[in-house]
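What follows is a single structure, written as structure tokens, with notes after it.
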């Protein structure tokens, strides 16, 4: 199993390109199931999760063709076509590897009138039930049953009749699944308290480009008027706001300066506000965002919450950064109850962090020291890389397959801006 070796203490400087968003790409890919015409996605990141989702679509009858990047993009171009859906079963062997696989449920139900999808896997960061996905689909007229580890959903003859569903709590994945199911319904589907994340806006924009009728994009109330069919489209995946935020933390923790090329400030206002509060200089320019730091960072009090608040996917990276701040920071995790698994590994490097339930107190220390550490999930992995970039000596990050799920060409990008980092194979 590969590991990443980092010899820290080097301020990062230069231009670092931001890839297409992982969380958006995994939502846009299943839209290929909603039409029999070609769907082309540009700026698609080269990630293990994207490859896994492509394999799942192949099993359902979707043909895929991958091209290289265009000059204005950093990722690949993939053209998909589901001339017909040849299977409505998403098997355990694929779904267990990636939680986002559950997002084929809505499109299959909409297009084929039925879907059988294994209960999902993914990062072990707490209990993430799919009951809200199922309740929303039931509100639109689907019949749902659970059997032998699978969700079986079916629509009445003629398709989903439509309906109204109010989410009791905000759920990104459930909103995405419900929207994709609704675009081919026979009537209107209304979602109240829907998630507003930029990735959901990206999904709605793609669906509208395919002919869908969606009102309220970017708000918590979505009204979807079902269409008889959708057509193909060509669409560019939005830049990855979490990748951009992660590399912003890399500039801050190393006392460096990075131009994050392609980053969209409008999608990451809470992240940028927290960086500024910590004493980091953040400047927007025509190509993206410049992030610079010089001297000790200021402590923060942060709480994760749905967009537009501070994202849970940035909590671990900020914790690593604040481990070197001048004072005590308080982080509260409100989304997932088991998202502090990186704390013991950061402690191995000299961080002073105490956890009480969903709250972590991070007392800044003068320095971190390199050590062998083990990644537990995607964002935790990045927090350890960040700590390693700033630490004295060598840090070995093990189980880096988590990183490959969400960060495209990480070592290449960091090396290009001055990091001493390399991937080491087990052979």
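The values are calculated or read from the model by the stated rules, or taken from the named source; none is laboratory data. Computed from a prediction, not measured in an experiment: that's the story for all the values here. Every residue, glycine among them, receives a Cβ derived from its backbone with ideal geometry; neighbour counts consider all protein chains shown.
How many of the residues in the range 126-163 are under 18 Å from residue 110 (Cβ atoms) and assigned to a loop (DSSP other than H, G, I, E, B)?
12
Pick from 279, 288, 295: which is at pLDDT below 95 and not assigned by TED's automatic domain parsing to the domain that holds residue 220?
Of 279, 288, 295, the one residue that is at pLDDT below 95 and not assigned by TED's automatic domain parsing to the domain that holds residue 220 is 295.
Would it be correct to say that residue 294 is surrounded by fewer than 22 Cβ atoms within 10 Å (Cβ to Cβ), touching a strand residue (DSSP E or B) at 6+ places or on another chain (Cβ under 9 Å) and free of Cβ contacts under 8 Å to residues at least 60 places away in the same chain?
yes
Answer yes or no as to whether residue 331 is farther than 24 Å from residue 401 by Cβ, surrounded by 23 or more Cβ atoms within 10 Å (Cβ to Cβ) and in contact with a strand residue (DSSP E or B) (Cβ under 8 Å, 6 or more places away or on another chain).
yes
Checking the conditions here, which among 164, 170, 201 is farther than 27 Å from residue 40 by Cα and within 18 Å of the chain's Cα centre (by Cα)?
That would be 170, the only listed residue that is farther than 27 Å from residue 40 by Cα and within 18 Å of the chain's Cα centre (by Cα).
In the range 310-342, what residues are under 25 Å from residue 195 (Cβ atoms), at pLDDT 95 or above and part of a loop (DSSP other than H, G, I, E, B)?
Across the range 310-342, the qualifying residues are 310, 311.
State which residue pairs qualify: first residue free of Cβ contacts under 8 Å to residues at least 40 places away in the same chain and outside the structural domain of residue 299 (by TED's automatic domain parsing) and inside the range 353-378, second residue buried (at least 21 other Cβ atoms within 10 Å of the Cβ) and part of a strand (DSSP E or B) in any location, beta carbons under 6 Å apart, and separation of 6 or more residues or different chains.
Qualifying pairs under 6 Å: none.
For the range 1-115, which helices (runs of 4 or more DSSP H) that fit wholly inside it have 3 or more residues that are within 19 Å of the chain's Cα centre (by Cα) and in contact (Cβ under 8 Å) with a residue 12 or more places away in the chain?
Because the criterion is at least 3 residues that are within 19 Å of the chain's Cα centre (by Cα) and in contact (Cβ under 8 Å) with a residue 12 or more places away in the chain, the helices (runs of 4 or more DSSP H) in the range 1-115 that meet it are 22-28, 48-59.
Would you mind stating whether residue 183 is surrounded by 17 or more Cβ atoms within 10 Å (Cβ to Cβ) and out of contact with any strand residue (DSSP E or B) (no Cβ under 9 Å at 6 or more places or on another chain)?
no
Please determine whether any residue of the range 156-168 is on the phi > 0 side of the Ramachandran plot and modelled with pLDDT under 95.
Yes: the range 156-168 contains one or more residues that are on the phi > 0 side of the Ramachandran plot and modelled with pLDDT under 95.
So, in the range 398-415, exactly how many residues are more than 16 Å from residue 246 (Cα to Cα) and more than 21 Å from the chain's Cα centre (by Cα)?
1
Counting only residues that are more than 23 Å from residue 199 (Cα to Cα), give me the strands (runs of 3 or more DSSP E) lying completely in the range 223-285 with at least 1 of them.
257-261, 281-285
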